[in-house]
Amino acid sequence: MKKYFVAFAALVAMSASGCDDNHFESFHEIRRLRPLAVVKTPPEVAAGEAVELRLVAVHPDSQELITVEWELCVFASGADGDHACEDGVIVEGIENVLARGEGSSIMWTQDFADSDTLQAACEALYSQGGVDIPAYITLPNCDYGVPVSYRAILRCEGPVGCEDDVIVYGSLTLLIDEAAQRADRNENPSIVGLSAGDLSLQQMPPATLDFVADEDVRLTALVNADTAQVFVAPDSEDGAEEREQLETVWFSTHGELGRGGGFYAEDLVELEELQSNTITFGGDSGDEFAGRDGDLVRIWVVLRDNRGGFAVEEGSFVLREVE
Amino acid sequence: MTRLLAALSVFAGLVFGTALPVAAQQGDESAESVDARIVPPELLTAAEAPHPAEALDEDLEADVFIEMDVGIDGAVANPVPIGITYYWYDDAGDLQEEVGDVESDEWGFIESAMQAVVQYEFAPARQVTAMQPEGEIIAVRLTWRVGFVIDYEEITREAEASDFEGQGAASQPADSQPSSLPADSQPSSLPADSQAATSQPATVDGVDPTQAPEDVGALDGNAPVNFEGRVLERGRRDELASIRLQLWLEPHGPAFETYTDAEGAFEFRGLPAGEYAVLIDDIEFQPFEASEVIDRESVTVATYRIQRLYFDEFRSVTTAEAPPREVTRRTLEVTEIQRIAGNNNDAIKVVQSLPGVARASFAGGDIIVRGGEATDTLFFIDGMPIPNVYHFGGLRSVFPSEMLDSVDFYPGNFGARFGRATAGVVSLESTADIPDEFGGHIDVNVFDSGFFFEGPISDRLHFQVGARRSYIDVVLRAVQEVLPLNFTVAPRYYDYQLKLEWEAHRDHRLSLMLIGSDDLVDLVLADESELEADQRGGLRAQTSFHSALFRVDSRLSDTVTNRFRMIAGFQQFGFFFGDDIRFDLKLRNMSWRNEIEWTPSEVITARVGIDINYNPGTIDIRAPLPPLEGEAVERDFLSEEPIEAQNSFRFYQPAMYASFDIRPIPKLQILPGIRLDYFRPPERWSVDPRLSVRYTVSDLLTLKGAVGWFHRSPDPDQVSENFGNPNAQLEDAVHYALGAELQFNDYLSLDVEVFYKDLNNLITRSQTSTDESDSDQAIYNSEGTGRVYGAEIFLRHAMANNFFGWMSYTISRSERFDVQSGRYRLFDNDQTHILTLLGSYNLPKNWSIGAKFRLISNNPYTPYKSPSSFNANSGEYVLEASGDTNSRRLPAFHQLDIRVDKRWVFPLWTLNLYLDMQNVYNQQNVEGITQDYNNRETANFVGLPLIPSLGIRAEF
């Protein structure tokens, strides 16, 4: 128990230190090449189905060209931040590398194994004598589905460039037959609209937003409550239904967001909290990222459910400072 | 002829204060001997200390202070001059004084005094305990004053005779009297007996301070007492023994004198009626004068309170230090260490300044001993385990220092009496010598306020009671009303103590102590919108314990002593983070210990004991597994998959031990021991043989060496049936040590030691997947190994010349074997160099100043890849190591702490104002490295800035 206290104290100390004047760039400021999300459509895939993985990456300069190299490997044995997929056979009859490609998205069809083969391979992999996996990692439920891992490398190929390549990795779930037949299979959530005050941010050309320096501008990412699906958790003992929890994360190229994101959980946190945010601009008295008269402001909202579904919405407007 | 006066005085305070037994040469004392009382040595034969001729010509007087050993044979050894004060009369006839330098006494007082004291013969000191009321002869070290006083009456008479003879001679002006005496109270009016007693340097029979009050005037010893009283220390209630009182019958004498006894009492019989001037003029105290009217038919009773010139906390040390049972035990007297800078009066934290102890991060209270984990070191009070000694992991200890007699620190190779620890032991001894008069203190400082009272209930029953509470929560709430903080936080702690000490019988002593502590941190964000739903509701951490400790010490015969201890209580540790994470442990602590000590001869002492822990409890946990050593905290363990369980459990840990103290020859001490332990869980036995040897080569040099085996159970969660490995092995360590102790003089010593530790069966995280039905595939295994080696140097200056301090230096390397890389890596808290310099100096007018400086290699850390990769599943960047674990090191740590004390002394109480400043020059010491969201940018996060802590303390 002392270890808990020590770990807790360390975290608190580091968190407090994070409040220090270290001038770190905020996670929510877009000042360089940034991956925001990988939207998988659909987020869960069954045998014979196609899936699109779309990497949403942004750069403060919209002229910058971003290239992406993809690779997918079977189960969780392949890619992560440190490792690329290795060619070879992972279990008998199954090649490790499932796909490679370039572009902001990659399409792939789960045709390398049927459910029986998949389940057998899963059990072979995740039981004793299998691949070394740190014991504190939660193992896949082979009766429901297993993960396929993907890895993408982002590079700037345009005139502005970027300092470093960025590696993105993650996974998607390959459903076993029975799970594939479920009516509550996960789907991506959706954002209905994005606005600043009464101004829609999805107009082209971008609308103009009048602002007063250092005064809050209300932002809204309109989300319908029913985009949070009702489902039965695969490991549920009583088969009780529950509703997905949703989370938004906000990003902007200028200004200071009131908060980084919001949550929605039925009966716990109101939908309003998920949808609303504020942003302030410094005007002429602020720095170049504070938002000045004439700046084009781009805003992104990433919506995520707690089963792996994603949606990303982008909006923009031009600033006009008023007294 | 010129006569000189060599008045010899022992100040009871100093005698007691510096009566440090020459422990290694003494009889076999146990650690419990701290409640012993020392009867000072009695001077039997003194030698003349001639007044240096040149000084005499210049009418110069002096007091020379000498520290010296009085051995068990009564002989004087190792005399060291520690102070000299010169006296003379100015042209106005006023007495002047000046403190001189012992290194440059050009007059020859010191040489004369030194030559005299080595010829003294004493009846040796005795240590009296409840078990041995007749006392045991011991060697002590004491401070002695040799006074060189000119007898002007003799000079005058000689001058008159010389004048008559026409030879001329030095003479004292008629008005050159001690200013503290009435003008007409001439020393010449002293009765003849008094003259004999005070003017014959070779015959000091009348000034033996260890005797009961003795009249020195021409009084009738059979007459009834008509003047009595006590001499107490002003501002305290300490009875002052061996203080000389001088009476002058107004206006022309005669004069009388006597000394206070051990209780500070004095009495005169048959004093002639009249008005007396009372003078107490002692080098340690401010001169005191009073006037008393005394008649022969009634008893005049007086209490005099005299004020100490220098507040020397050492004076109250009555500890008769036990001879070592271990190769290295570093004992700190509580009064000694309370004034160390940077500790806020906290005696227990001083252990962190000793050799072998690494610096704890975040100014925490972890005791990291010789490259072991903090949990490898255990704390005991009166030999019994205690779950927690610090509030908030290190801010303050849970015991007021006044309840403690001493703090023993064993950095390794501790005796068989202690078990279940593989690194070190910190053993606190509560004070058993509770004063016979009521007293206490009230302390107010920036952290907390508290009180402490002690005193007698009856002749044989004494009590201590204390309590303390912090007010950080109150302050923060007040701040929140002014500042728009985004959180509400309620950190607070309190502790309490109650002790009853009962001397039930000459051979049996009992005590009952109730102790408790409660810490709470409750942090709630005003705006929780950025927290995930299940993390809302705040963060709450609470830890508490409440225990009763019962002890019985019995002398069963002249050679057999029994000590029984029992502690019972409960503790709770709770950690709650929103609705999702909780760790709620409730534990009952029950421990018993019984030890029999048998000393059949001077050659051998045997101790046999049983030591049982029984801890039933319940746990309700839903939390990620805490990080192990070598696993970076930065990985944010709170975000990991939690484990969940609710169950009850029982820990049962019985043990038996035997240890021996064998002295086949006086210079050789062999200390073998063996300990048998059983641990359930994980249902394993251990046998720990241990051996220490000390050899006294000379008074200067002692050699020592030790080897021993030590076992401990893994932490409770690591052997849990639900989420640990109930079949885990016991962690073990083999300690090897070699060293030497050098005692250069009475106050300067050097302790040098090299050590090696072999660590085995350390708990590590399993690297293979788990099958819950197969415990061999559990989350933890016992495959870790490690090694630690290094050297320690401890140069210590005991209190002398108003100064004490030490230098401790440790050079070491602590490594763990990394299974993945196949190489040894550095331990999380490996600190190659640890240098601590500290000292405290007493200044005039009750000021004192202390300082502590530390220069330490900082902890190693693991470098991470920059920039981090983006985990699209979680939407976060994840730190990934780019090098070996702990392959880089943070910048060196250095810090200066200063403490200043000022004391005001009032008749019945004292007021102490202190300023304790940590990190005086506000060094930005690095405690770790923090990153931006993707580790593209890093910055150091630094430790505590300059923290001035102002406190006020009233003692009475």
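Read-outs: derived from the displayed coordinates by stated rules, not from any lab. On a predicted model such as this, the values are computed, not experimentally measured, just so you know. Please note: Cβ atoms are built from the backbone with ideal geometry, for glycine as well, and neighbour counts cover all protein chains shown.
Below, the figures for the structure above:
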quantity	calculated
Rg ratio (alpha-carbon, reference 2.2 N^0.38 Å) - the range A:193-321	1.22
Other protein chain Cβ atoms within 10 Å, averaged over every residue that makes up A:306-313	1
Shielding by other protein chains, B:928-939, mean Cβ within 10 Å	5
Reach of B:Lys704 by Cα under 19 Å, taken over lysines that are not fewer than 8 positions away in the same chain	B:Lys667, B:Lys757
Order by protection proxy (mean Cβ within 10 Å, highest first), peptides B:590-599, B:648-657	B:590-599, B:648-657
Inter-chain shielding of A:257-263 (mean C-beta neighbours from other protein chains, 10 Å cut-off)	3
Cα-based helix-to-principal-axis angle, A:2-18 vs chain A, degrees rounded to 10	30 degrees
Contact order relative to length of the range A:193-321, as percent, for alpha carbon pairs under 8 angstrom and 6 or more apart	30 percent
Loop trypsin sites (Lys or Arg not before Pro), the range B:837-869 (other Cβ atoms within 10 Å of the site Cβ: 12 or fewer; DSSP)	B:Lys845
The range B:330-955 shape via C-alpha gyration tensor axes, a/c threshold 1.5	rounded
Packing rank of B:138-149, B:816-827, where each peptide gets the mean count of other beta carbons within 10 Å, highest leading	B:138-149, B:816-827
Packing-based order for B:259-266, B:371-378, using average beta carbon neighbours within 10 Å, highest first	B:371-378, B:259-266
Between 0 and 90°, nearest 10: helix A:115-125 axis offset from chain A longest Cα axis	90 degrees
Semi-axis lengths (Å, descending) of the ellipsoid that matches the C-alpha gyration tensor of chain A	38, 23, 21
Cross-link reach list, lysines versus B:Lys845, counting only Cα pairs under 16 Å and skipping chain neighbours closer than eight places	B:Lys902
